Amino acid sequence: MDLSYTERERAFRDELREWLAANPPGERPQGEEADYAWRRDWQRRLHEGGWAGVHWPVEYGGRGASLMETAIFFEELGRARAPLPANVLGLLLGGPTLMVWGTEEQKDRYLPPILSAQEIWCQGFSEPDAGSDLAALKTRARRDGDGWVVSGQKVWTSGAQFSKWCMLVARTDPDVPKHKGLTYFLMDMEQEAVQVRPLVQITGEADFNELFVEEARIPDENVIGGVGNGWKVALTTLMNERAGLGFFLQVRLRQLLDELVEQAAASGALDDPRVADRLGDLHVRTEILRLTAYRGLSAIEQYGQPGPEGSLVKWLWSDTNQMLTQLAADVVGPEALTAGRPWAYELLRARGNSIEGGTTEILKNIVAERVLGLPRAR
Amino acid sequence: MDLSYTERERAFRDELREWLAANPPGERPQGEEADYAWRRDWQRRLHEGGWAGVHWPVEYGGRGASLMETAIFFEELGRARAPLPANVLGLLLGGPTLMVWGTEEQKDRYLPPILSAQEIWCQGFSEPDAGSDLAALKTRARRDGDGWVVSGQKVWTSGAQFSKWCMLVARTDPDVPKHKGLTYFLMDMEQEAVQVRPLVQITGEADFNELFVEEARIPDENVIGGVGNGWKVALTTLMNERAGLGFFLQVRLRQLLDELVEQAAASGALDDPRVADRLGDLHVRTEILRLTAYRGLSAIEQYGQPGPEGSLVKWLWSDTNQMLTQLAADVVGPEALTAGRPWAYELLRARGNSIEGGTTEILKNIVAERVLGLPRAR
Amino acid sequence: MRFTLTDDQREIQRTARDLLANRSSFEKVRAAAEQGPDEALWRELCELGWPGIAVAEAHGGQGLGAVELAVLLEELGYACAATPFLGTVLAAAAIEHAGSDAQRERWLPGLAAGELRGALGAPGELMPDAPGANVVVVVDLAQRTAAVADADAVEPVQTIDPTRRYGRAPAGGEPLEGDAGPAIDRALVAVSAELVGLAQRALDMSVEYVKERKQFGVPVGTFQAVQHRAAQMLLDVEGGRSAALYAAWTADADPQRLPLAAAMAKAWASDAGRSATASAIQLHGGIGFTWEADVHWLFKRAQLDSAFLGAGAAHRARVTALTRPT
Amino acid sequence: MRFTLTDDQREIQRTARDLLANRSSFEKVRAAAEQGPDEALWRELCELGWPGIAVAEAHGGQGLGAVELAVLLEELGYACAATPFLGTVLAAAAIEHAGSDAQRERWLPGLAAGELRGALGAPGELMPDAPGANVVVVVDLAQRTAAVADADAVEPVQTIDPTRRYGRAPAGGEPLEGDAGPAIDRALVAVSAELVGLAQRALDMSVEYVKERKQFGVPVGTFQAVQHRAAQMLLDVEGGRSAALYAAWTADADPQRLPLAAAMAKAWASDAGRSATASAIQLHGGIGFTWEADVHWLFKRAQLDSAFLGAGAAHRARVTALTRPT
């Protein structure tokens, strides 16, 4: 066990910090369009600096960073208060999925514009009636000449309004059960048959969209991984879902906590032992979250698979973020409930943490069944 | 809504308080045998004073007290630091079950010695492999001449070593499914075929026993409610399980809390806002428990059935008692972890609260399904 | 001892539930969030005499008690109704229980009739219904004093709950001469009752949803984790109801017990309201996190109610202080 | 950055796990509860040099570090082993890190070899392994000083955990001249590691039980409430392990971070140990509440460990104090 950075990790971090210092991301602008433009511009700068696909192999234009370096990358991004690159789904999910399942032609065609943010990707998995249950999805694709015609509805597609490509899972064979008969497509979003409707959240913002697909056309060459193989390809995408991103979120949590402690110290609230107790607890949780995430990475690096600790990180993060933002309402006072203020936004936004990317209930089931080996819940 | 006592309730309470003042229960003696003798003597004194079967109809030797008066009775008993009468199971469960299902002969024969503590009763429902699942019980009774021969094993039978009669549910027809084919017997404990083994708990005490029944004989006239009708009769027993007793336990909780607050005030711990916060919370919970229990009684008195609040009382009680006794370990110091000291005993004993008389998990299921009408859990 | 409502009280409850179900759907709540309080509904409530339900008949009220008021507030919380009812009844209670005869005569008839609108709160804190109020009572929670502040000095604040108008009032103004303790405690009870209503609605909507919504081929309500969360919500609701009704009863029948009872009710209801409404979002899954699912209105109002006049911790501290052995 | 154990560390872990599985079954633990520490096991541990694992070679130890010690303590906790190991290594750490050269020479070789037994704790509090100890270190948690007290003055106390002997020592004695802070922090880490082991055992026993035990015709491990409780136990365990290993690493490699890391580890492990062992009783149902189910040994030791040198709240306060912005 050695928790110091290796020479290589330290060099990676120092180089990144230097670059970030020389290339400050600037302030987040108001408004969704402007925010998106900012993030696309940010990714372009990352790309020019060679930092867009840190975890991608060098042959695909990446930096070939190790898992640990990738984690450091996202931590440092968070620490520099930089945004996530605009094409985060392409970088984290789409690219790695293509690298596993794509043909050479597909990789040549699609990977470069992912890196450069020329083409933004979104994810079309969830459906209104399927929720966490991929096997229940209803979007249908039928053969038509040398392509496919797709109809259905998707939900929780973030960035859809800015995307060129959608990773779409659809049912191509209705006669075989459940997760058989699914196919993974790349759907061109620039067609009339695809309508994007923003899904307003309880924060009043629309980070997500609904997608209405009415006879959209997808050519045959946009099937990824073969017809009927969609379940497996989708699993590759899902397995990449939280790699790295967790470190970004965890730094955000740490920043929020530091902010709250600062305010509590300034207002005198920190002198209340009850507040000190809660903040101490949040500190412990936040640190343990970070340590446990690194333990998970270490296990993958050394044994090729995560240990039991890996599955706990997202759950601990969402719990802690919800506790923190609720405590803020007690510590900060009226400000924390005032519309448009950061704490008020965080309080509302945090309610989604235990739902998005796997509900806490599902995560606990996964821990119990896959990690602890309990018999399948009924 | 009127939360003052009625004239009648006040008179009942005053009379009882007067009697309790004139008949102090004395100090709990050391040792199980002595404790039992003390409780039997206490019941005899209650009986002489006309207080043994307060909730029993006058025709059966009771006082015909209302539900509210019965609650007051148990509250006052707790307040006077009196023990539960030795034959509490006969008084609360056995008697009322006989009144519903017994023949005239059975009532004449069994009810008077329940009241006077001449014959103590115990309950033989639970089995090692059945747990909360009555329908899974395995104890078998087969016909033999004009009686029955019973074999099997029971567990969690409190007071078995002192009991004359056991309310025993056994399977009389193995060919019909589950809860059909059960019969409710009164088994004479004074026979060689019945062996009692104390079941030592984590406290080191043995409040419960295992019962090994090997070809015990039960005459036909000791069937209660008819052959094959055991499920229904047992439900009557179970429905009476917590009537009144809850009020006794809740007063105990209140006394423990008062004790802890006293000690915290004396040691200065109460000046720590964190301790004050926890104790304040326990106060709120304890009071809400009491109020909610009374709400439940009011609903039964007025509408003939408990409202949703009734099902919550045992759950809230066990949670609160566990929180309280764990807090004591933080507030009282070494004393609370020293063998044989009251706080140490309470800490260990409280762990059973969420298991005995229906686990918290089962209680929550019952609340969800029977009160909220959710579909049956799978 | 009888914890159940009287027939009259049940009648008030039923009337309120029916009226609000018809007149204060979430469609109306959403509209109010955009356009301000539901004036039509407020007029209707005034015609029914609700703002004066607990005000003495001598001052133009109905002369009923804190229990009846709690019953109404629970229903208004249940509907998440967008009216200046809460502020008005709190101001009326303060003036009735801490004001001089002259102050009562001056303000109570108008408040009881709903012709005057009121608000109550601590200076500088978020005060519900303060913008647009004619009678703004500022209370000092530590000193337990109250004064009628300059209504024009109220500064509106947009909170996360746009279905109710909030503002900040400065300290000072025309003092109410009596002990403001009972008025503050009545306010705690009233807002606790509203929190119970919010939590009950959160539970009812969740139960309905999880019975219908299917995942993995079965209603999600069959999952034990869902069942247990719903059971916890019931405990939140029923515990709060026990405490709020008891505290309301003490206000009129046993005022010595009111301070402790009110602190207990607000301590529980503050936490239970937060927790039950957050659970409702969770039980609705992704849908619950969307604007159109409507459960967020309950969560947002519960957050404001929870903080109003002190959140759980403040009242737990008070419970301990009030029960400290001497 | 590499959080996984080295091959050597894993070897120590494996050896300990195997040895203790063979030599320290619950049968042995039960016997020790009646008759006192397992002397045969203690001799065996001494022969393996375990008491000196973290003591410098110059003083007769193995010269390994706090991580190796934490690994051993987790395994001893896992076995709920009844030996004076904890007290002895804590006393050794105190003397090594706060004692003078003369004090080190006087006591360390004996402690490292297990020929002397040790104990450490605050005066007047419950001190594990104090009865029978030759070297009794009393620490002042606030002043962060330490002294070697008169071992004969130790007053034995029977606690709810009879598998370990407890006593009370008076304040005073021969002072250790150095800063006792690092020694106290190392003690916190060590006991946190033991708590992690207790919690892990509680989890393993529960998982095994709920896979087998049937209710309503199916293994209780299929119930979501059972699954979620077990998942929570895993979080308790793994969070504690992350924190304890990190803190142990800082002790030797980055001592400036030790105070905060130790406080974090003890804050989490104190609560997690209580909660996981209580959950094990609950998951075992009625059986779990009986003496013979053995889970109670874990619960009882976790209670003592939790309170030892300050429970969760004390260390959360310290975390906040240490991270307070200046």
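A few notes on this one:
- For segment C:253-269, a residue qualifies if it is out of contact with any Leu (no Cβ under 7 Å at 6 or more places or on another chain), more than 10 Å from every other protein chain (Cβ to nearest Cβ) and touching a residue at least 24 places away in the same chain (Cβ under 8 Å), and the qualifying residues are C:Pro255, C:Leu258.
- Residue count for segment B:288-341, restricted to those that are in contact with a strand residue (DSSP E or B) (Cβ under 9 Å, 6 or more places away or on another chain) and farther than 23 Å from B:Asp258 by Cβ: 4
Residues checked against (1) modelled with pLDDT of 95 or more; (2) over 30 Å from D:Pro182 (Cβ atoms):
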{"residue": "D:Arg201", "(1), (2)": "yes, no"}
{"residue": "D:Asp204", "(1), (2)": "yes, yes"}
{"residue": "D:Arg213", "(1), (2)": "no, yes"}
{"residue": "D:Ser242", "(1), (2)": "yes, no"}
{"residue": "D:Ala247", "(1), (2)": "yes, no"}
{"residue": "D:Asp254", "(1), (2)": "yes, no"}
{"residue": "D:Ala267", "(1), (2)": "yes, no"}
{"residue": "D:Ala276", "(1), (2)": "yes, no"}
{"residue": "D:Asp294", "(1), (2)": "yes, yes"}
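- Residue check for C:Glu125: of a type in the set (Asp, Glu), outside any loop (DSSP other than H, G, I, E, B) and out of contact with any His (no Cβ under 7 Å at 6 or more places or on another chain): no
- With respect to the conditions (1) more than 22 Å from the chain's Cα centre (by Cα); (2) without any contact (Cβ under 8 Å) to a residue 60 or more places away in the chain; (3) in a helix (DSSP H, G or I), B:Arg45 lacks only one, and its number is (1).
- Members of segment D:293-326 found to be within 14 Å of chain A (Cβ to nearest Cβ), surrounded by fewer than 22 Cβ atoms within 10 Å (Cβ to Cβ) and outside any loop (DSSP other than H, G, I, E, B), listed by number: D:Ala313, D:Ala314, D:Ala317, D:Ala321, D:Leu322, D:Thr323
- The residue of segment B:1-16 that is surrounded by the fewest Cβ atoms within 10 Å (Cβ to Cβ), among those that are out of contact with any helix residue (DSSP H, G or I) (no Cβ under 6 Å at 6 or more places or on another chain) and more than 14 Å from every other protein chain (Cβ to nearest Cβ), is B:Asp14.
- Of the residues D:Gly36, D:Gly60, the single one that is touching a Pro at 6+ places or on another chain (Cβ under 6 Å) and more than 30 Å from A:Gln305 (Cβ to Cβ) is D:Gly60.
- Filtering C:Ala79, C:Ala54 for residues that are under 20 Å from C:Thr250 (Cα atoms) and buried (at least 23 other Cβ atoms within 10 Å of the Cβ) leaves a single hit, C:Ala54.
- Residue in segment B:342-358 that is at the interface with chain C (Cβ under 10 Å from one of its Cβ atoms), in contact with a Phe, Trp or Tyr (Cβ under 8 Å, 6 or more places away or on another chain) and under 25 Å from C:Leu234 (Cβ atoms) present: no
- Residue within segment B:206-229 that is surrounded by 19 or more Cβ atoms within 10 Å (Cβ to Cβ) and more than 22 Å from B:Ser158 (Cβ to Cβ) present: yes
- Per the conditions (1) surrounded by fewer than 21 Cβ atoms within 10 Å (Cβ to Cβ); (2) within 22 Å of C:Lys266 (Cα to Cα), the sole criterion not satisfied by C:Ala151 is (2).
- Just one of the listed residues (B:Glu27, B:Glu76) is part of a helix (DSSP H, G or I), acidic (Asp, Glu) and either free of Cβ contacts under 8 Å to residues at least 60 places away in the same chain or under 28 Å from B:Ser298 (Cβ atoms) (or both), and it is B:Glu76.
- Qualifying residue in segment C:3-21 (condition: in contact with a His (Cβ under 9 Å, 6 or more places away or on another chain), modelled with pLDDT of 95 or more and away from chain B (no Cβ under 14 Å)): no
- Hits in segment A:103-135 (condition: over 24 Å from A:Val88 (Cβ atoms) and surrounded by 17 or more Cβ atoms within 10 Å (Cβ to Cβ)): A:Asp133
- Qualifying positions in segment A:259-279 - of a type in the set (Gly, Ala, Ser) and not in a helix (DSSP H, G or I): A:Gly268
- Enumerated strands (runs of 3 or more DSSP E) restricted to segment B:137-222, each holding at least 2 residues that are out of contact with any helix residue (DSSP H, G or I) (no Cβ under 7 Å at 6 or more places or on another chain), outside the structural domain of B:Ala344 (by TED's automatic domain parsing) and among the acidic types (Asp, Glu): B:208-219
- Among the candidates B:Ile355, B:Ile288, the residue that is part of a helix (DSSP H, G or I), closer than 18 Å to B:Leu253 by Cα and in the same structural domain as B:Gln250 (by TED's automatic domain parsing) is uniquely B:Ile288.
- Here B:Ala65 clears all of (1) touching a strand residue (DSSP E or B) at 6+ places or on another chain (Cβ under 9 Å); (2) of a type in the set (Gly, Ala, Ser); (3) under 24 Å from C:Phe3 (Cα atoms) except the condition numbered (1).
- Comparison of A:Pro96, A:Pro85 shows that the only residue that is of a type outside the set (Val, Ile, Thr), part of a helix (DSSP H, G or I) and in contact (Cβ under 8 Å) with a residue 24 or more places away in the chain is A:Pro96.
- Test: residue in segment C:119-140 that is out of contact with any helix residue (DSSP H, G or I) (no Cβ under 8 Å at 6 or more places or on another chain) and acidic (Asp, Glu): yes
- Filter result (under 30 Å from C:Met205 (Cβ atoms), of a type in the set (S, T, N, Q) and in contact with a Ser or Thr (Cβ under 9 Å, 6 or more places away or on another chain)) within segment B:327-378: B:Ser354, B:Thr359, B:Thr360
- Meets criteria (of a type in the set (A, V, I, L, M, F, W, C), within 30 Å of C:Leu5 (Cβ to Cβ) and modelled with pLDDT of 95 or more) for B:Val284: yes
- Checked against the criterion of being within 19 Å of D:Ala311 (Cα to Cα), over 24 Å from the mean Cα position of the chain (by Cα), surrounded by 23 or more Cβ atoms within 10 Å (Cβ to Cβ) and not assigned by TED's automatic domain parsing to the domain that holds B:Leu199, the candidates B:Ala344, B:Ala336 yield just one match: B:Ala336.
- Any hit, segment D:270-285, residues being within 12 Å of chain A (Cβ to nearest Cβ) and of a type in the set (Val, Ile, Thr): no
- Failed condition for C:Pro259, given (1) under 30 Å from A:Glu205 (Cβ atoms); (2) modelled with pLDDT of 95 or more; (3) surrounded by fewer than 24 Cβ atoms within 10 Å (Cβ to Cβ): (1)
- Only one of the numbered conditions (1) surrounded by fewer than 24 Cβ atoms within 10 Å (Cβ to Cβ); (2) without any contact (Cβ under 8 Å) to a residue 12 or more places away in the chain; (3) within 13 Å of chain A (Cβ to nearest Cβ) is violated by D:Val207, and that is (2).
The values are calculated or read from the model by the stated rules, or taken from the named source; none is laboratory data. Keep in mind the model is a prediction, meaning the values are calculated, not measured. Cβ sites come from the backbone with ideal geometry, for glycine too, and all protein chains shown count toward neighbours.
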